[in-house]
Each structure stands twice: as structure tokens, then as C-alpha cells.
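Report on the structure given below.
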Amino acid sequence: MSVVLKTKREMQKIWEASQVLVDIFEQIPAYIVPGRSTQDLADFAEKIILAHGAIPTCKGYGDPPFPGAICVSVNDEVVHGIPHPEHFIKEGDLVTLDMVATLDGYCADAARTYAVGEITAADRQLMEAAEEGFFAGIKEVQVGKRLGDLGHAVQKVAEKYGYGVVQELCGHGIGQEMHEDPNVLNYGKAGHGLRFEPGMVLCCEPMFTAGKRYIEVMDDDWTIVTADGRKSSHYENTFALTDQGVFIFTLTPAERAKYGVPIWKI
């Protein structure tokens, strides 16, 4: 494992890339309505990314190359859903947008799950639980604590509601590459794992399932679904640990106000 600690200048670059995603999160909820295709959503996000002079990092990533500007996953699709012009969202769906933007050589990564129109109380709880899991994990990000403390806190939230926690997928470090060391698991043992230290820039991304935690990869070699067909929810942010505390880069102003999170300043 080779963790690249970031300077304040590098953190500033990642914060700037993060504001591209924040712009999408502020604009796109009104666009997520029944009848839109998953390709429509990806195109909407891509236009914003390009308008900022940034690169949609997901496009062309991996082997086989991912064809979409962002990942759009619906209901039992946990992550890596490929946008398609004939995959239409409908009332009651859960839609996850997972996106990465690269600006001036630095990446930012974040995900949100959205409700399409009216959804059930059970689905609303699933959505909110993934977000709750993220913020429970963030409370454990302190100098001297360990990655296992974060993962354990996320896992406890899932278990409180009886949800599965996907174990084959995880968060990660981020910087000039989309995925850097270390892996940031959504489960773990408190007091175990790598210690947090200033300079770390990481992504934490709880993925909760309404049923069992097990997943399958579809024939397109990208889309990952729940093995039992139950719905899932995914919530992710890019954040930095500094001598002054934790700064979450990919929150909208409304989200920062909701959680009392300070704005980044170099």
C-alpha cells in the first residue's frame, strides 16, 4: 500500500474538481423525473462537466472501456450502471448517479441516490440510511484513529436497519488518479487498519442493500446488481483530513448547512 499524502495546494485542486460535481448535484434533481432515460441523465451531467472545462473521468475508464460519462444505476443496480437511451426511469424508482470529474489533473468522486417521484417509506429509509452511514463514518475520521473505525461505524448503521453492506466494493484514496490507496471499506473492526493522518484525501461510499449483501456482475462486464434483486442505495463524498479537521469537498451548500460542515479554505 502506498498512500499519497496531499499538500494544501493539491487539496485545493481536488476541491476545485469537486465543485464541478456540486454544480451537478444542485441542478440535476429537478431533471430526474419519470420518462427520462438514463442516457438523458448522463448527458445532462456531461454537459455541466464539460462547461467547467473538466473531463468526465468515467468515460473510457477500465477494460472494457466504460461508455458513459457517469454511472447511472437504477433500483437493484448497485453501481456502474451504463447509461442507455432506452432505459427509462419511472415513478417509484431509486436512481444512483456516481460520477468523477477531472479538472487540471486532479479528480473528485461522489455519488447520490435519488427518488423518482413518490417512493415507498421503506425505499426512503434505505436512501437515508446510506447517507447516515457516511456521516457516521466521517465522525471516526480523526488523526490517530483507524480505517477500521470508519468501516465499523458505517456497518453499524446498516445493521441497525437490517440492511446488507456490499463488501466487494469500497471507497478509496483519490488525487491525480481516480482510485488510489488506501481502500476505504464499509465494514470492519474498530481499532484496526491504517491510521488516519493529515494529508489524506479519501472517498467514503456506503452501499447498502435492502436484502442480502451479495452482488453479481451483468454480461456487460460493468453493471453490478444485487443477487436477490432487492433495491440498493449508494452515497459518496470526497473529503480531506487536515490539521484543522475534516473537510468534505463534494457537499452542496444546502448539505453543508444541514450537517454543519465547514467550507474548505486553504
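Can you bin region 74-121 into rounded, prolate or oblate? Criterion: square roots of the alpha carbon gyration tensor eigenvalues sorted a ≥ b ≥ c, rounded for a/c under 1.5, prolate for a/b above b/c, oblate for the rest. The shape class here is prolate. Label sites at His179 and Ala30, each approximated as a point 7 angstrom past Cα along Cα to Cβ, lie 3.6 nm apart. Here region 20-114 is treated as a Stokes sphere of Kirkwood radius computed over C-alpha pairs; at 20 °C and 1.002 mPa s its diffusion coefficient rounds to 163 µm²/s. Peptides 64-71, 119-126, 140-147, ordered by how many other C-beta atoms sit within 10 Å of their residues on average, highest first, read 64-71, 140-147, 119-126. Rolling a 1.4 angstrom probe over the chain with all protein chains present gives an accessible area of which 51% lies on carbon and sulfur atoms.
When the convex hull of the C-alpha atoms of region 1-61 is computed, what volume per residue in Å³ does it have?
119 Å³
In summary, the lysines within cross-link reach of Lys258, defined as a Cα separation below 21 angstrom excluding same-chain residues under 8 places away, comprise Lys139.
Its convex hull of Cα atoms gives the chain a direction-averaged projected area, equal to a quarter of the hull surface, of 12.8 nm². Contact order for region 92-222, expressed relative to its length and based on alpha carbon pairs under 8 Å spaced 6+ residues apart, stands at 26 percent.
Summarised as an ellipsoid, region 28-176 has semi-axes of 26, 22, 13 Å, derived from the eigenvalues of the Cα gyration tensor scaled by 5 and square-rooted, with the largest first. When you restrict to C-alpha pairs under 8 Å that are six or more residues apart and normalise by the size of the chain, the relative contact order lands at 22 percent. Across region 79-144, C-alpha contacts under 8 Å between residues 6 or more apart give a mean separation that, scaled by the residue count, equals a relative contact order of 27 percent.
Close amide H partners of Gly245, meaning residues 5 or more places away or on another chain with modelled amide H under 5 Å apart, do not exist here.
R0 = 25 Å: FRET efficiency of Arg230 with Glu91, Cβ-based, nearest 0.05? The value I calculate is 0.85. Per residue of the chain, the DSSP helices (runs of n ≥ 4 H) give a summed -39500 (n - 2.57) that works out to -9000 deg cm²/dmol at 222 nm. The three principal axes of the C-alpha atoms in region 164-266 carry coordinate ranges of 45, 31, 29 Å, sorted with the longest axis first.
The solvent-accessible area of Thr7, taken with every protein chain present and a 1.4 Å probe, is close to 70 Å². Put Arg9, Arg256, Arg230 in order of accessible area, highest first, and with a 1.4 Å probe you get Arg9, Arg230, Arg256.
The values are calculated or read from the model by the stated rules, or taken from the named source; none is laboratory data. These figures come from a predicted structure and were not determined experimentally. Note that we place each Cβ from the backbone using ideal geometry, even for glycine, and neighbour counts take in every protein chain shown. Calculation scope for accessible area: heavy atoms of the full protein, side chains included, ligands and nucleic acids excluded. Shrake-Rupley method; radii C 1.70, N 1.55, O 1.52, S 1.80 Å.
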